[in-house]
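Asker: The structure is given below, and queries will be raised subsequently.
The values are calculated or read from the model by the stated rules, or taken from the named source; none is laboratory data. As the structure is a prediction and not an experimental result, all values here were calculated from the model. Every residue, glycine as well, gets a Cβ built from its backbone with ideal geometry; the counts of neighbours run over all protein chains shown.
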Amino acid sequence: MRGLIIAAGRGKRLSHISDLKPLVLLGKTPLLEHILLLANKARINDFVVVTGYRAKEIRSFLDELSGKIKLKIDVIHNEEWEKENGLSVLKAKGHFKGRFVLMMSDHIFDVSIIKRLIKFPLNDDEVVLAVDCNIDNNPLVDREEATKVKRESDIIIDIGKNLKKYNAFDTGIFLCTPAIFSALEQSIKMGDSTLSGGIRTLAHNRKARVMDIGNRLWIDIDDESDLQKACQIFKDTGSFQFFKFKTQELNIRGWGGNPKRHRRRLPTDF
């Protein structure tokens, strides 16, 4: 299985920590390295990374890392990185002929999400999105910033940040076929260059599906608050040899709500 990682944005809300968001440290390890290592745990060992802002520095980091961890990493540059994220995905069109997993460089996740996702039964003209159906009192999701999903059974009806009626959150983890590229091209012609626009195009033909992640963990690290939450959850050992999970309670001061409602599947070694 191959993987596509989008690492093109600037991440202004973390710029006071690092001006290179993919290289912001979570524990002792950059976010982008975490993503690569997690995906590799799910037996993805061939990657395409799309860069944008300060691309030369990201490429230099990846060139060094690929030799160190023995992964194949191809790097492509999106000159239009300041525009919507669908353009970054579309830049990879010529690099994929079959199925691949699409991930974001700032989304940390339970590796079992990808392990389940790559086994999802999918037709050649479909895409499946891993979704979090825990939309009430979810301590790891910023409701205002999250991309929302309206689904019926395992079919996406609508997707976007401004949905008023929804029943899931977009985790930013997809199992794709090349159908995503033609859907993005169609969406861009209609004036929408977001990744969600491409998914909506597929959804109109009932070709966009969902996989519920259940109680598995994910977090979109957009700002310092998100990074602090992730740092409190994860213990970075510098090694993924003993990556294990157990059920714990999230009981982090300031999150509010009833901690008994926030039982998630959390890593004990990370």
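Asker: Step by step: first the residues of the stretch 144-158, then only those that are closer than 25 Å to residue 7 by Cβ and out of contact with any Leu (no Cβ under 8 Å at 6 or more places or on another chain), then the one that is surrounded by the fewest Cβ atoms within 10 Å (Cβ to Cβ). Which residue is that?
Answerer: 144
Asker: Report, ordered by the first and then the second residue, all pairs with beta carbons closer than 6 Å, sequence separation of six or more or different chains, a first member in the stretch 137-161 that is polar (S, T, N, Q), and a second member that is buried (at least 18 other Cβ atoms within 10 Å of the Cβ) and in a strand (DSSP E or B).
Answerer: What qualifies is 147/170.
Asker: Please go through the stretch 209-234 and give me each residue that is over 14 Å from residue 138 (Cβ atoms), of a type in the set (D, E, K, R) and over 14 Å from the mean Cα position of the chain (by Cα), ordered by number.
Answerer: 209, 223, 224
Asker: Here's another thing I want to ask about it. Looking at this structure, is residue 64 among the acidic types (Asp, Glu) and closer than 19 Å to residue 113 by Cβ?
Answerer: No; evaluated as a whole, the condition is false for this residue.
Asker: Within the stretch 164-190, can you find the residues that are assigned to a helix (DSSP H, G or I) and of a type outside the set (Phe, Trp, Tyr)?
Answerer: 179, 180, 182, 183, 184, 185, 186, 187, 188, 189
Asker: So for the stretch 183-190 (the condition being crowded, with 20+ Cβ neighbours inside 10 Å, of a type outside the set (Phe, Trp, Tyr), within 20 Å of the chain's Cα centre (by Cα) and closer than 23 Å to residue 22 by Cβ), does at least one residue qualify?
Answerer: Yes: one or more hits.
Asker: Still on this structure: Yes or no: residue 115 at pLDDT 95 or above and within 26 Å of residue 229 (Cβ to Cβ)?
Answerer: The answer is yes for residue 115.
Asker: State yes or no: is residue 203 assigned to a helix (DSSP H, G or I) and farther than 17 Å from residue 102 by Cα?
Answerer: yes
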